[in-house]
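Student: Pasting a structure here, questions to come.
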Amino acid sequence: MRVFYNKEGVGDTLMISVAELPPEDRTFEKKGDAVRIYSSASGETAGFNLFNASSYLEIESSGGVVELTENLLSKLNASLLQNGFEEQLHADLTPKFVVGFVETKEKHPNADKLSVCQVNTGNEKLQIVCGAPNVDSGQKVVVAKVGAVMPSGLVIKDAELRGVASSGMICSAKELDLPDAPQEKGILVLEDHYEIGTDFLKK
């Protein structure tokens, strides 16, 4: 689940994305200030738009992705209920940008410039295909897990790159929109004091 708010660009509308649907399968149901977007074929909810959003909750972000917290989730559900929708939203609130440790790096069997990395993120190991020239085993790195929304708006998904499965992305400083990020291509290699599995954005 992802939440977006851009008052200057879109107006006072909070957009809640739950699932992706092709445009031709989308239909809408409006109740008060809330609109439910759902599949005309299956009835599956794809998301909600909440108009006059600032009258229902305080929104810290006004330029794009809104950080999802338990408090915000509770207020979103209350706002939908207030407008006549009984469906409740559920979300994975675990950190999406975490410190990972590259345990192994192998050459991609079908692409010279890609590497297949096994990355420990604390409570799981992820296979991530990486194209950065400086990635190597033994590094601590920033991993954008599946479901993460990059500053560019890119949503990280499970993928298959040249025939090899990849779950997540090892990030560069530029991709993370960090200040003074180098322009040359390459992942951000962290210092050793970073703890594997911790939320990088809380540092």
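The values are calculated or read from the model by the stated rules, or taken from the named source; none is laboratory data. On a predicted model such as this, the values are computed, not experimentally measured, just so you know. Because the Cβ atoms are built from the backbone with ideal geometry, glycine has one as well, and the counts that use them run over all protein chains shown. Heads up: the accessible areas ignore ligands, DNA and RNA and are worked out on the full protein's heavy atoms, side chains in. Shrake-Rupley method; radii C 1.70, N 1.55, O 1.52, S 1.80 Å.
Student: Heavy atoms only, 1.4 Å probe, whole protein assembly: order ASP192, ASP136, ASP92 by accessible area, highest first.
Tutor: Greatest to least solvent exposure: ASP192, ASP92, ASP136.
Student: Suppose every Lys and Arg Cβ carries +1 and every Asp and Glu Cβ carries -1, with no other charges. What dipole size does the chain come out with about its Cα centre, to the nearest 20 debye?
Tutor: 260 debye
Student: So, one more: Counting only protein chains, not ligands or nucleic acids, how are GLU124, GLU44, GLU86 ordered by accessible area (probe 1.4 Å), most first?
Tutor: Most to least solvent-accessible, the answer reads GLU86, GLU44, GLU124.
Student: Run the quick spin-label model on GLU86 and GLN118: label points 7 Å from Cα toward the beta carbon, then report their separation in nm to one decimal.
Tutor: Reported label-point gap for GLU86 and GLN118 is 5.0 nm.
Student: Over 26 Å between Cα atoms: which of LYS75/LYS140; LYS7/LYS31; LYS113/LYS157; LYS105/LYS157; LYS157/LYS185 fall into that group?
Tutor: With Cα atoms farther than 26 Å apart: LYS75/LYS140.
Student: Once you charge only the Cβ atoms, +1 for Lys and Arg and -1 for Asp and Glu, what is the size of the charge dipole of the range 87-188 about its Cα centre, to the nearest 20 debye?
Tutor: So the dipole magnitude of the range 87-188 works out to roughly 200 debye.
Student: Mind ranking LYS31, LYS107 by accessible surface for me, highest first, 1.4 Å probe?
Tutor: Largest accessible area first, the list is LYS107, LYS31.
Student: Right, next: Two decimals is fine: what's Rg over Rh for the range 54-203, C-alpha atoms, Kirkwood radius as Rh?
Tutor: For the range 54-203, the value is 1.05.
Student: Solvent-accessible area per residue for the chain at a 1.4 Å probe radius, Å²?
Tutor: Per-residue accessible area for the chain comes out at 56 Å².
Student: What part of the accessible area of the chain, given as a whole %, is carbon or sulfur when the probe is 1.4 angstrom?
Tutor: Summing carbon and sulfur atoms, their accessible area is 48 percent of the total for the chain.
Student: If you don't mind, there's one more thing I want to ask. For HIS90, what accessible area in Å² do you get when you roll a 1.4 Å probe over the heavy atoms of the protein chains, rounding to the nearest 10?
Tutor: 150 Å²
Student: Right, another one. With everything on Cα atoms, drop me the angle between helix 70-82 and the longest principal axis of the chain, reported from 0 to 90° to the nearest 10.
Tutor: 30 degrees
Student: Separate question: Let a ≥ b ≥ c be the square roots of the eigenvalues of the Cα gyration tensor of the range 107-174; is it rounded (a/c under 1.5), or, if not, prolate (a/b larger than b/c) or oblate?
Tutor: It is rounded, given that a/c, with a ≥ b ≥ c, falls under 1.5.
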